[in-house]
Amino acid sequence: MSQYRVLPGPEHFLPPAAASMGVYLPNPGEAHINGVIAPEEKAYEEAARQFLMAKVPTIFPGPLVLWAWNEKAAKKATAIRHLYNTLKECVQPGQKPMLIPMPDYRPKYPKINPEVEINPNHPNLTIWHNKIDCCMFVGVHCHQANLSLKIIRGGTSCYTIAMCAQAGHEDAMLSFRDASVEKIMKLADWVKKLKGTVQPRLATAKNGASS
Amino acid sequence: MSKERIKISEDLYDIMPSDYQDLVKSATYGKEDRGWKDIGNSKELIEQHSLCAGCPESMAFRYILASLPNPEDTVMVGSTGCTSLVFPMVAVHNIHSLFGNQNAIASGLKRALSVRFPDRVKDVVVLAGDGATVDIGLDMTLQAWFRQEKFTTICFDNELYANTGGQESGLMQKGFVAKMAPVGKLFDKVRLPEIARESGCHYVVNCTVSKPSLVEKVIRNAVHIAREIGPTYLQLYTPCILEIGKNSMEGLQEMRDSEKPTERFAYKEYISEPAKQLLAEMAAKDKERKAAAKQLAGQA
């Protein structure tokens, strides 16, 4: 088993792809936490804990859920909104949950405002400017998610979660696989369940905006 | 993505940046008689571009995007050059190919789309500069035409390699001295429109983009003929004002000067016999449609 652990950075300018360091993807019913395969149930708890600990827990929905290109996508969007609303209900004063879209993968210059939308080519700008210390990718195509996750790990200390509809992401610190409406709702349930039991790192830790 | 899929998930609508909301609300996807007159009345399919101020290429882009008959089911293939700076701002599917490969990419793409979507019209439009079309990619350009691939090739002819500082291109006029071509061009401008005709293109036009209504007409003709019959080629003069020593306001006049009857961009058009027949049928249908609409309006 690989000794490499996928941890919050900043790792260095070009962090290695976790797969090249021996980290492999979970099987159905499993997830991975820091590059180690774990039961999915444990991942829900850890993801909810990370969200509730964060100063600025943020969800980044991608084109696969932002656009209602089929019924399932629209339902996932509803579930994501529910998770965001749950986060807002469950955090303590001083914490600021955010929902920032990744509508496009194109390097749109000079149009893009990195604080209101996130682009896979420069995700670190959105992380830095909004001081995001925990984020979840959902509905982002795999190759773009991998790119973003590596850049974030390379340049920031943000904790990354991938709610992946395919086989998961080694380059996230925590990754689910086979994402569905039910799984997103279950994560929201876990956030509710842990409400009030997790100490947010408001005063102590540096946030994800380290540059 | 077909038109009915261009809608934002209701629960995430409020977080989408306004340019996407505007595209859904007021762009002209699916509008049968879309054209350059929609510019200013509806959301254009091009956002802010990163070309130089006053660049005629930006005008050409706006007119072409306003004129595509089927933008929601069109894929544009671009290549290296100033055009590749614009494609990130364009709300039509597009692929950036390696320098010169654009017609090869488009050939495969068009065939794949025909297999994947046999019941849906999918247009492919190549848009590249003169370096990609005539110099580096001439092989791919010609081979696509020889094979009668059913897509449109548009060449933005600025008569040199503009965004690398002004090197000589095959479409540069004889004797022209550019910043990176100090000796002056020694041979004539390659006559690609004639070559296109001889290579099997069914519709060939050589013109400038000074008149939006003309651009609209040739784009619609070229796309429809390519869809039904075979390859089409448009060579549009989009002068690089920086490299020919003009100011931002002088691009339009430069095009007007270059399209006079004795000049190199005087309007030239070639239409094959099958294409002529198709255009006649389309015109007849259009007339019928307009008459029916008028009658309906009269009854109302």
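In segment B:38-53, which residue that is surrounded by fewer than 14 Cβ atoms within 10 Å (Cβ to Cβ) and touching a residue at least 12 places away in the same chain (Cβ under 8 Å) is farthest from the other protein chains (Cβ to nearest Cβ)?
The selected residue is B:ALA53.
Do the conditions hold for A:ALA38, that is, is it more than 14 Å from every other protein chain (Cβ to nearest Cβ), in contact with a Leu (Cβ under 6 Å, 6 or more places away or on another chain) and not charged (D, E, K, R)?
The answer is no for A:ALA38.
Going through segment A:190-211 one residue at a time, which ones are within 17 Å of the chain's Cα centre (by Cα) and either at pLDDT 95 or above or assigned to a helix (DSSP H, G or I) (or both)?
A:TRP190, A:VAL191
I'm told B:LEU12 meets every condition in (1) modelled with pLDDT under 95; (2) touching a helix residue (DSSP H, G or I) at 6+ places or on another chain (Cβ under 8 Å) except one. Can you identify the failing condition by its number?
(1)
Mind checking which residues of segment A:98-118 are more than 10 Å from chain B (Cβ to nearest Cβ) and either surrounded by 17 or more Cβ atoms within 10 Å (Cβ to Cβ) or among the polar types (S, T, N, Q) (or both)?
Once the filter is applied, which keeps residues that are more than 10 Å from chain B (Cβ to nearest Cβ) and either surrounded by 17 or more Cβ atoms within 10 Å (Cβ to Cβ) or among the polar types (S, T, N, Q) (or both), segment A:98-118 yields A:MET102, A:PRO114, A:ILE118.
Yes or no, residue by residue, for (1) away from chain A (no Cβ under 14 Å); (2) within 15 Å of the chain's Cα centre (by Cα); (3) assigned to a helix (DSSP H, G or I):
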position	(1), (2), (3)
B:ASP11	no, no, yes
B:GLN21	no, no, yes
B:VAL24	no, no, yes
B:ASP33	yes, no, no
B:MET59	yes, yes, yes
B:TYR63	yes, yes, yes
B:MET76	no, yes, no
B:SER84	no, yes, yes
B:SER114	yes, no, yes
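Output yes when any residue across segment B:243-254 is crowded, with 16+ Cβ neighbours inside 10 Å, in contact with a helix residue (DSSP H, G or I) (Cβ under 8 Å, 6 or more places away or on another chain) and not in a helix (DSSP H, G or I), and no when none is.
Yes, the conditions are met somewhere in segment B:243-254.
Mind checking which pairs have a first residue in segment B:203-218 that is of a type in the set (Val, Ile, Thr) and a second that is surrounded by fewer than 24 Cβ atoms within 10 Å (Cβ to Cβ) and in a loop (DSSP other than H, G, I, E, B), Cβ under 8 Å, 6 or more apart or different chains?
Here the result reads B:VAL205/B:TYR267; B:THR208/B:GLU259; B:THR208/B:PHE265, each pair linking segment B:203-218 to a residue that is surrounded by fewer than 24 Cβ atoms within 10 Å (Cβ to Cβ) and in a loop (DSSP other than H, G, I, E, B).
Looking at segment A:42-96, which of its residues are within 17 Å of A:ALA162 (Cα to Cα), of a type in the set (A, V, I, L, M), in a loop (DSSP other than H, G, I, E, B) and within 14 Å of another protein chain (Cβ to nearest Cβ)?
none
Looking at B:PHE187, B:PHE156, can you tell me which residue is farther than 28 Å from B:ILE271 by Cβ and not in a helix (DSSP H, G or I)?
Sole residue among the options that is farther than 28 Å from B:ILE271 by Cβ and not in a helix (DSSP H, G or I): B:PHE187.
Touching a strand residue (DSSP E or B) at 6+ places or on another chain (Cβ under 9 Å) and assigned to a loop (DSSP other than H, G, I, E, B): is that true of A:PRO101 in this structure?
So A:PRO101 fits the description; yes.
Looking only at segment B:255-269, which residues are surrounded by 18 or more Cβ atoms within 10 Å (Cβ to Cβ) and either more than 23 Å from B:THR232 (Cα to Cα) or not charged (D, E, K, R) (or both)?
Across segment B:255-269, the qualifying residues are B:MET255, B:SER258, B:PHE265.
Among what's in segment B:65-74 and is of a type in the set (A, V, I, L, M, F, W, C) and in a helix (DSSP H, G or I), pick the residue that is farthest from the chain's Cα centre (by Cα).
Taking the candidates together, the pick is B:ALA66.
The values are calculated or read from the model by the stated rules, or taken from the named source; none is laboratory data. What you see is a predicted model; the values in this text were computed from it and never measured. So basically every Cβ, Gly included, is an ideal-geometry build from the backbone, and we count neighbours across all protein chains shown.
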